[in-house]
Amino acid sequence: MSDKPQTSSLPVLGILLAAGLCASAFILGTQFKNFRQPGTITVKGLAEKNFQSDSATWRVGIALHNSTYQNTLSSLEEERKKLAGFLHKQGFDDAEISTELPSVSKSYREIRNDKGDVVERVHDGYDGDIYLNVSTKKLDKMQEAQKAIINLQAQNEFVRFSSPQYLLGNLETIKRDLITQATEDAQKRAAEFAKTGGGAVGSMRSASQGSFNIYSDKGTSEDEDYGGTYDKSTIGKQVRLVVTIEYGIE
């Protein structure tokens, strides 16, 4: 009696095993088919090149105090002429120099009590400033003028100035050239990856530009402009562009 159930179950077990093997074969076959289908690879391409700035801007000015509004304006104009004369002496002509409108505002003196608290603000004359902007391609003269104005400030306490800003022209042309180089670099990287895996690079599926940075040739800067870093402190520049590209793999 006990042997009959075991004997009758053998055909059922065989059917289940056969079904399982068929299912496994189907799954493995499907996976193998998908594995052999063309895939994609995403790589980054980099382009770097050094350039020399071709123009510069410089903001210099006068800041002073006087007793009346009119006296402040008159003093500003007098000192402006002296500053303009200095710039002419440095080799810049009128076409390279523009003058901003003067700014004059009331000045106040604070009166404090014994505890140091401000108890009153008394009108005490006027503060004024005026700035001149130099825009030039004479980079050698700009560098010499930056050194010379330090001596001028020692003689004239009203003089104010910032550091020159050195710029690159034709940024769009530079950008296009670097995009071409970065794309070629990305394709070479993709080809190396594909070769390692026994495949070949197919057509480009998608592409996007990453960072476009202009660094000083003496180091990096935190100043950001033109969609990325733009260091304007030095004449020499290192320009760097990155692209991200997806290729088909065959």
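Observations
- In segment 60-67 there is at least one residue matching the filter, namely being open to solvent by 70 Å² or more (accessible area, probe 1.4 Å), touching a Ser or Thr at 6+ places or on another chain (Cβ under 7 Å), more than 17 Å from S162 (Cα to Cα) and part of a strand (DSSP E or B).
- Among the residues making up segment 161-174, those that are crowded, with 17+ Cβ neighbours inside 10 Å and not aromatic (F, W, Y) are P164, Q165, L167, L168, I174.
- Residues satisfying the stated conditions in segment 95-110, i.e. more than 16 Å from V60 (Cβ to Cβ) and either assigned to a strand (DSSP E or B) or modelled with pLDDT under 95 (or both): V104, S105, K106, S107, Y108, R109, E110
- Test: residue in segment 72-79 that is over 41 Å from the mean Cα position of the chain (by Cα), modelled with pLDDT of 95 or more and assigned to a helix (DSSP H, G or I): yes
- Flag for F86 being surrounded by 15 or more Cβ atoms within 10 Å (Cβ to Cβ), part of a helix (DSSP H, G or I) and not aliphatic (A, V, I, L, M): yes
- Taking the conditions (1) open to solvent by less than 100 Å² (accessible area, probe 1.4 Å); (2) farther than 30 Å from Q209 by Cβ; (3) out of contact with any Ser or Thr (no Cβ under 8 Å at 6 or more places or on another chain); (4) modelled with pLDDT of 95 or more in turn, A23 satisfies each one other than (4).
- Here is the figure for segment 182-212: residues that are in contact (Cβ under 8 Å) with a residue 40 or more places away in the chain, surrounded by fewer than 14 Cβ atoms within 10 Å (Cβ to Cβ) and under 25 Å from the mean Cα position of the chain (by Cα) total 2.
- Checking G199 against (1) assigned to a helix (DSSP H, G or I); (2) touching a Pro at 6+ places or on another chain (Cβ under 9 Å), the condition it does not meet: (1)
The values are calculated or read from the model by the stated rules, or taken from the named source; none is laboratory data. What you are looking at is a predicted structure, and each value in this text was computed from that prediction instead of being measured. Don't worry about glycine lacking a Cβ; one is built from the backbone with ideal geometry, like all the others, and counts go over all protein chains shown. Just so you know, the surface numbers come from the protein's heavy atoms only, side chains and all, with ligands and any DNA or RNA stripped out. Shrake-Rupley method; radii C 1.70, N 1.55, O 1.52, S 1.80 Å.
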